[in-house]
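Have a look at the structure below before the remarks.
The values are calculated or read from the model by the stated rules, or taken from the named source; none is laboratory data. None of the values given here were measured: they were computed from a predicted structure. Cβ atoms come from the backbone with ideal geometry, glycine included; neighbour counts cover every protein chain shown. Just the protein is used for accessible areas: all its heavy atoms, side chains included, with ligands, DNA and RNA removed. Shrake-Rupley method; radii C 1.70, N 1.55, O 1.52, S 1.80 Å.
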Amino acid sequence: MRSPIPDYLTETLGDIASDTSGAPADYIPELATADPERLGAAFAMVDGAVYGAGDVNIEFTIQSISKPFAYALALADRGFDPVLAKVGVEPSGEAFNEISLEGGSGRPLNPMINAGAITTHSLAGPVGLDAAERLQRVVDGLSAFAGRRLTVDESVCASEMEHAHRNLAIAHMLRSYGVLTEDPATVVEGYTRQCSLLVTTLDLAVMAATLANHGVNPLSGERVVPEPVVRQVLSVMSTCGMYDAAGDWATQVGIPAKSGVAGGLIGALPGQLGIATFSPRLDAHGNSVRGVGLFGRFSSDMGLHVMEVPAAGRAVVRSNHVAGAGPDAVRVIELQGGIRFAGAERVVREVTDTAPTENRVALDLTMVYSIDDVGRRMLLEIVRRLTLDGHQVALIDPEGILPVPEVSPESR
């Protein structure tokens with residue numbers, strides 16, 4: 001059987017292709033020459049499956065889509081406190097190239113606007129790197145997210161540097177506040193090279209999937225950044241990734257996302273997939289017109305909004321029954337689905353309300369496909385307390401979702 005997913009992507013691209021509004025970015029001459037008809041979309045699942053349709057192998061420059069990944073590297077390399085001391089996390093409500101700095105401190109409002117991204121670039125790598133070493137760290141890091149070696153488009157980089165006056169002004173402003181501590185022009189040049197890395201739509205989908213997969217590249221298996229870093233990055237993408245259109249995006253599409261002025265757009269759904277689209281025509285916010293349309297369709301068609309209400313916690317308990325009779329009776333509690341705090345609380349309540357009188361109790365996890373850390377600890381605590389109350393507890397766990405608990409009399 002042929003997968004319907006590529007067919008769905010092809011159909012959706014066909015539906016959106018008739019929208020010819022917007023135009024390629026014209027403030028950078030090299031970007032203005034982009035073919036406005038290019039159009040592609042790709043899904044990368046967290047288990048490594050990748051689907052694409054359209055112009056998914058055409059290279060273009062990553063531009064501002066590099067921002068969340070460079071931010072992740074800075075957080076991983078320097079730690080949260082040093083980065084947050086230099087770059088905030090508040091939405092600016094302004095265009096990507098506005099000089100949005102906190103009054104007094106001069107700290108950029110967030111890492112998704114240029115002021116924050118220039119600062120973030122300066123924080124990549126450990127303290128003490130020179131400009132070339134820092135840039136190498138960024139290229140290596142973004143390549144690890146993509147799962148292949150990325151290179152700089154020298155023509156686009158040169159074109160951007162010729163028109164980098166606003167970014168240079170922002171950098172000099174940051175230097176005046178002490179946010180930047182080195183030559184502003186050097187930092188801007190490194191940041192511009194970061195933005196000039198060549199990627200494809202497939203690359204971007206894998207990069208987004210690495211965020212969705214808790215920082216592990218689903219193709220290479222390499223851990224690129226730690227899990228707490230991913231949570232921070234996705235949170236900032238949710239509130240700031242689409243610039244002054246972030247509010248509309250959050251309510252209507254609801255996928256943590258980031259756009260770039262070359263026409264790329266990414267989204268990452270934690271635990272599910274990374275999404276990428278490519279179409280050079282931009283709207284007034286600097287976001288891809290067709291990309292925004294495609295993401296709207298994906299969110300609506302497949303229920304991808306992060307605020308989609310999950311199944312109620314009560315659905316975790318599949319059944320609660322007694323098997324056998326007399327001294328051989330076993331209280332069997334069958335669980336199902338994904339268990340997080342609310343689901344684990346429902347299991348706790350099921351056990352306490354039932355108050356098993358049977359000597360033997362079995363928790364059947366055969367139908368459970370995932371348990372987060374809180375759910376795991378709560379279920380193990382149920383096992384511990386039932387054991388201490390004198391029950392013989394069996395875990396039916398063919399997939400090894402829970403470790404075998406150890407309960408000793410000293411635990412009382």
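Observations, loosely collected:
- Within segment 152-180, the set of residues being touching a residue at least 24 places away in the same chain (Cβ under 8 Å) and more than 24 Å from residue 262 (Cβ to Cβ) comprises 173, 174, 176, 177, 178, 179, 180.
- Condition broken by residue 302, with the remaining ones in (1) at pLDDT 90 or above; (2) under 30 Å from residue 25 (Cβ atoms); (3) open to solvent by 60 Å² or more (accessible area, probe 1.4 Å) satisfied: (1)
- Criterion (assigned to a helix (DSSP H, G or I) and at pLDDT 95 or above) met by exactly one of 206, 225: 206
- Residue that is farthest from residue 73 (Cα to Cα) [pool: residues in segment 101-146 that are charged (D, E, K, R) and open to solvent by 40 Å² or more (accessible area, probe 1.4 Å)]: 102
- Filtered by the rule that a residue be open to solvent by 10 Å² or more (accessible area, probe 1.4 Å) and either hydroxyl-bearing (Ser, Thr, Tyr) or assigned to a strand (DSSP E or B) (or both), segment 249-269 gives a lone residue, 251.
- Helices (runs of 4 or more DSSP H) fully within segment 1-87 counting 3 or more residues that are open to solvent by 10 Å² or more (accessible area, probe 1.4 Å), assigned by the TED database to the domain that holds residue 135 and in contact with a strand residue (DSSP E or B) (Cβ under 9 Å, 6 or more places away or on another chain): 4-16, 29-32
- Filter result (open to solvent by less than 10 Å² (accessible area, probe 1.4 Å) and in a helix (DSSP H, G or I)) within segment 160-183: 170, 171, 174
- Test: residue in segment 359-375 that is part of a helix (DSSP H, G or I), at pLDDT below 95, surrounded by fewer than 16 Cβ atoms within 10 Å (Cβ to Cβ) and outside the structural domain of residue 255 (by the TED database): yes
- Identity of the residue in segment 88-100, under 22 Å from the mean Cα position of the chain (by Cα) and crowded, with 18+ Cβ neighbours inside 10 Å, that ends up modelled with the lowest pLDDT: 96
- Test result for residue 12, modelled with pLDDT of 95 or more and under 18 Å from residue 286 (Cβ atoms): no
- Selected residue (only one of 140, 130, 153 is modelled with pLDDT of 95 or more, in contact with a strand residue (DSSP E or B) (Cβ under 8 Å, 6 or more places away or on another chain) and in the same structural domain as residue 216 (by the TED database)): 153
- Candidates 48, 104, 54: the one that is modelled with pLDDT under 95, among the small types (Gly, Ala, Ser) and within 30 Å of residue 12 (Cβ to Cβ) is 48.
- Selection of segment 160-182 for residues being more than 25 Å from residue 88 (Cβ to Cβ) and touching a Ser or Thr at 6+ places or on another chain (Cβ under 9 Å) yields 160, 161.
- Among the residues making up segment 214-231, a single one is of a type in the set (A, V, I, L, M, F, W, C) and open to solvent by 70 Å² or more (accessible area, probe 1.4 Å): 219.
- Within the option set 118, 113, being touching a Phe, Trp or Tyr at 6+ places or on another chain (Cβ under 6 Å) and under 21 Å from residue 256 (Cβ atoms) holds for one residue only, 113.
- Taking segment 192-202 as the range and being open to solvent by less than 10 Å² (accessible area, probe 1.4 Å) and within 22 Å of the chain's Cα centre (by Cα) as the test, the residues that pass are 194, 195, 196, 197, 199, 201.
Let's see how each residue does on (1) in a helix (DSSP H, G or I); (2) open to solvent by less than 20 Å² (accessible area, probe 1.4 Å):
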| position | (1), (2) |
| --- | --- |
| 237 | yes, yes |
| 247 | yes, no |
| 271 | no, no |
| 274 | no, yes |
| 286 | no, yes |
| 295 | yes, yes |
| 298 | yes, yes |
| 308 | no, no |
| 322 | no, no |
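- Residues in segment 261-303 that are among the hydrophobic types (A, V, I, L, M, F, W, C), over 15 Å from residue 13 (Cα atoms) and under 13 Å from the mean Cα position of the chain (by Cα): 266, 268, 269, 273.
- Of everything listed in (1) assigned to a loop (DSSP other than H, G, I, E, B); (2) open to solvent by less than 50 Å² (accessible area, probe 1.4 Å), the single unmet condition for residue 149 is (2).
- Matching residues in segment 324-335 - criterion: being in a strand (DSSP E or B) and among the acidic types (Asp, Glu): 334
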